[in-house]
Amino acid sequence: MEYSKRIDSEYYQKQFLTYENLIKAKGGIELSKLSNFLIGPFGSAFTVDNYTKNTAYRYIRGKDVKPMKLLDDDNVYLPEKDYNRLIKYALKENDVLISVVGTLGNAAIITKKDLPAIFSCKSTVLRPDKINGAYLLVYINTKFGKNLLLRKERGAIQKGLNIDDLKTVLIYVASSKFQNIIESLFLDSLKKTETSKKSYTNAEEILLKELGFKDFEPSNEPVNIKSFKESFLTTGRLDAEYYQKKYEEVIEKVKSQDYDLLQNLVSIKKSIEPGSKYYSDEGIPFLRVADYNKFGLTEPDKKLSNEFVKANQELINNLKPKKETILFSKDGSVGTAYMLKKDADFITSGAILHLKVRDKTKVLPEYLTLVLNSKVVQMQAQRDAGGSIILHWRVSEIENVVVPLIDFDKQKEIAELVEQSFVLKKQSEELLETAKRAVEIAIEESEEKAIEYINSKSE
């Protein structure tokens, strides 16, 4: 059945036609014959005012859906009454979410740990009934699936994918045996991701235990009386939230042991904010705060045009972060730290600072990264940047962040756990890449060749 007709030239690009003909030759089937569809709640059905952290009912936003994975480091939840009111939008295990507004074509699958959950109108749910869900997810993330999906986008300023167009996307339906092999690779990847997170959690627990913060509960007392001299004349701040006792107690506890100010431990480099007029489909990747978290990076949604790069080549080369640079956000989701494992071939937005450890015999970069992501520093970020609609953490405040310094052997133990976490994460990502490439080989050549490729990667 034909759901929509297109006459725009972009729809008939040579690459799209080549991929379409290849999938057709392999007996491609329209997505509507393989899956049911569910659209998320629109309008005022659910608003940001309803977000909470104290229930079991997750609300999955558009920005949580990334290629092949669902982010879960900044979850929001909704009250039980809202979940029950919106129960027809409740997700099920093996549902595949596709982002259809904003960044298009990201696809992730729902697992047991993500439930119960409701999803937003920024995504559409595929509920597979005649195809393996994990296989469908992997196929959508291959060059064939992704391009044939993005071919369906509509709109000029605000691009989107509508459900009728999604139904016509061609899917290569592999044999049941091959689908199961791909699912097995995907599940192995999930296991490694979970083990990676456990290793990282162990590192966090060691840190908090060493600092005496494991069972530490700061005061909830909203009142803290300060004189004008003790407040504004000392800090330049008049907002009452800044002086809450909980912040004071955290700082006092850190300062009761060995510590230093961040500016003494690292050099701080600022990046640039060239503006959206320089965004392009081709060019150097432009990493923004939304493109990373403490566990890693995702493919940046934006690129800076080749013209901009050419005109600013020296600056660009200088701004590319090097191995062991700690990316640290100062705007939006402030205080998110991630240490690069190798030299980067991208530049970051002005909202991300580049921190470089001055003396690795005093503080290890892996340890410092963990501390910056811990509640010890996060509460300092909350204190300094709180009270604004769009959070902004001033560099002068970041320079004066109080950083606890523990025994160097303990730093090494923590660093090893963090390193183990990232090794497992890399292995997880390699399994996903193997699964994607195997599906592509099955389409380009045969399933037998694809299985040979999988076996060669496991040797």
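Select from region 387-420 the residues that are assigned to a strand (DSSP E or B) and β-branched (Val, Ile, Thr) and write down the one among them that is surrounded by the fewest Cβ atoms within 10 Å (Cβ to Cβ).
Across region 387-420, the extreme among qualifying residues is VAL402.
Return the residues of region 344-374 that are assigned to a loop (DSSP other than H, G, I, E, B), within 20 Å of the chain's Cα centre (by Cα) and not hydroxyl-bearing (Ser, Thr, Tyr); say none if nothing qualifies.
Matches in region 344-374: ALA344, ASP345, PHE346, GLY350, ALA351.
One residue is enough: does region 430-443 have a residue meeting the conditions part of a loop (DSSP other than H, G, I, E, B) and surrounded by fewer than 15 Cβ atoms within 10 Å (Cβ to Cβ)?
Scanning region 430-443 turns up no residue that is part of a loop (DSSP other than H, G, I, E, B) and surrounded by fewer than 15 Cβ atoms within 10 Å (Cβ to Cβ).
Return the residues of region 301-343 that are of a type outside the set (Gly, Ala, Ser) and in a strand (DSSP E or B); say none if nothing qualifies.
Residues satisfying the conditions are LYS302, LYS303, LEU304, ILE326, LEU327, PHE328, ASP331, TYR338, MET339.
Any idea how many residues of region 86-112 are without any contact (Cβ under 8 Å) to a residue 24 or more places away in the chain and touching a helix residue (DSSP H, G or I) at 6+ places or on another chain (Cβ under 8 Å)?
1
Working only within region 182-202, note down all residues that are out of contact with any Phe, Trp or Tyr (no Cβ under 9 Å at 6 or more places or on another chain) and among the aliphatic types (A, V, I, L, M).
LEU185, LEU187, LEU190
Note down all Cβ pairs under 7 Å where the first residue falls in region 44-64 and is β-branched (Val, Ile, Thr), the second is assigned to a loop (DSSP other than H, G, I, E, B) and modelled with pLDDT of 75 or more, and they're at least six residues apart or on different chains.
Here the result reads THR52/LEU78; THR52/PRO79; THR55/LEU78; THR55/PRO79; ILE60/SER120, each pair linking region 44-64 to a residue that is assigned to a loop (DSSP other than H, G, I, E, B) and modelled with pLDDT of 75 or more.
Which one is nearest to LYS197 (Cα to Cα), of the residues in region 259-315 that are touching a residue at least 40 places away in the same chain (Cβ under 8 Å) and among the aromatic types (Phe, Trp, Tyr)?
PHE295
Between VAL100, VAL48, VAL76, which is at pLDDT 90 or above and β-branched (Val, Ile, Thr)?
Testing whether each residue is at pLDDT 90 or above and β-branched (Val, Ile, Thr) leaves just VAL100.
On the basis of being in contact with a strand residue (DSSP E or B) (Cβ under 9 Å, 6 or more places away or on another chain), among the polar types (S, T, N, Q) and either crowded, with 17+ Cβ neighbours inside 10 Å or within 20 Å of THR369 (Cβ to Cβ) (or both), does SER280 make the cut?
no
Looking at region 172-208, which of its residues are of a type in the set (Val, Ile, Thr), touching a residue at least 24 places away in the same chain (Cβ under 8 Å) and closer than 30 Å to LEU405 by Cβ?
Once the filter is applied, which keeps residues that are of a type in the set (Val, Ile, Thr), touching a residue at least 24 places away in the same chain (Cβ under 8 Å) and closer than 30 Å to LEU405 by Cβ, region 172-208 yields THR195, ILE206.
Which members of region 174-189 meet the condition of being of a type outside the set (A, V, I, L, M) and within 13 Å of TYR139 (Cβ to Cβ)?
Once the filter is applied, which keeps residues that are of a type outside the set (A, V, I, L, M) and within 13 Å of TYR139 (Cβ to Cβ), region 174-189 yields PHE178, GLN179, GLU183, PHE186.
Results for (1) surrounded by 13 or more Cβ atoms within 10 Å (Cβ to Cβ); (2) assigned to a helix (DSSP H, G or I); (3) at pLDDT 80 or above, shown as yes or no for each residue.
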residue: THR195; (1), (2), (3): yes, yes, yes
residue: THR201; (1), (2), (3): no, yes, yes
residue: GLU204; (1), (2), (3): yes, yes, yes
residue: ASP215; (1), (2), (3): no, no, no
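Based on what the data block shows, is LYS130 of a type in the set (D, E, K, R) and either in a helix (DSSP H, G or I) or surrounded by 16 or more Cβ atoms within 10 Å (Cβ to Cβ) (or both)?
In short, no.
Sort through LYS122, LYS113, LYS143 and tell me the only one that's assigned by TED's automatic domain parsing to the domain that holds ALA56 and over 19 Å from the mean Cα position of the chain (by Cα).
So the residue among LYS122, LYS113, LYS143 that is assigned by TED's automatic domain parsing to the domain that holds ALA56 and over 19 Å from the mean Cα position of the chain (by Cα) is LYS143.
Write out, first by first residue and then by second, each pair whose Cβ atoms fall under 7 Å of each other, whose residues are 6+ apart or on separate chains, and whose first residue, in region 157-171, is over 17 Å from SER35 (Cα atoms) and part of a loop (DSSP other than H, G, I, E, B) while the second is of a type in the set (A, V, I, L, M) and at pLDDT below 90.
Once the first residue is over 17 Å from SER35 (Cα atoms) and part of a loop (DSSP other than H, G, I, E, B) and sits in region 157-171, its partners that are of a type in the set (A, V, I, L, M) and at pLDDT below 90 give LYS159/LEU104.
The values are calculated or read from the model by the stated rules, or taken from the named source; none is laboratory data. None of the values given here were measured: they were computed from a predicted structure. Quick reminder, even Gly has a Cβ in these numbers, built from the backbone with ideal geometry, and neighbours come from all protein chains shown.
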